[in-house]
Amino acid sequence: MTSPVRIALADDQALVRAGLRALIERLGGIEIAFEAGDGAELLTQLAATRVDVVLSDIRMPGINGIDALVALRARGDSTPVLLLTTFDDSDLLLRATGAGAQGFLLKDAAPEDLQDAIKRVAAGETLLQPVSTDPVRARFRFRDEAPPSDTFNEREVSILRLLAGGYSNKEIARTLFLAEGTVKNYVSTILDKLGTRDRTRAVLKAITLRII
């Protein structure tokens, strides 16, 4: 007998969580390990409980779905994340893709689509549907597509993802348990490698070159 897919469910609306829980329990083959009302609670519980997939709303107060995703990847947790979204979230989807999301799902998706998406993401697939990120990437495309002067290590990619999430040097330092001065040095190195003058250009170029 195949083990059920264990998921974490995060949404700030209790009624939405209750509805999703009831739906998922009827589908079979999927087990909710825990629920979270926001990104902070999600991150805390994920530190103690292993799951196969995180199913999270993008829009939550405080630490939203993307912020939680960025923090999760920055601390080295590669648990697949499937974000619940709406069609008007295109700009957020670009940020989420750069931060390492495995997939997106419309909130009004059919039950069978929800079940299929969770199982496919758990199996290692990437589902960048229903909103294609290519047109969104095109809008944010950075004119300078020259390759970086050097490769990026794992720590530098983590910092780039946090920069894409809008984190300050102080917030990055706290997230990665580094000194603020160390983060500043990393950011300077990242800018030099990308040949950009500021953080915004660095993030846009990193997204264009698919470094993040």
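The values are calculated or read from the model by the stated rules, or taken from the named source; none is laboratory data. Model, not experiment: these values are computed from the prediction. So basically every Cβ, Gly included, is an ideal-geometry build from the backbone, and we count neighbours across all protein chains shown.
Structural remarks
- Helices (runs of 4 or more DSSP H) fully within segment 1-101 counting 2 or more residues that are more than 23 Å from Ile172 (Cα to Cα) and touching a helix residue (DSSP H, G or I) at 6+ places or on another chain (Cβ under 7 Å): 14-27
- Count - residues of segment 1-47 that are β-branched (Val, Ile, Thr) and farther than 16 Å from Ile118 by Cα: 2
- Identity of the residue in segment 156-193, basic (Lys, Arg) and at pLDDT below 90, that ends up farthest from Ala74 (Cα to Cα): Lys170
- Candidates are the residues of segment 115-139 that are modelled with pLDDT of 75 or more and β-branched (Val, Ile, Thr); the one that is nearest to Ile32 (Cα to Cα) is Ile118.
- Pair list, Cβ < 6 Å and 6+ apart or interchain, from segment 159-177 residues that are at positive phi to residues that are at pLDDT 80 or above: none
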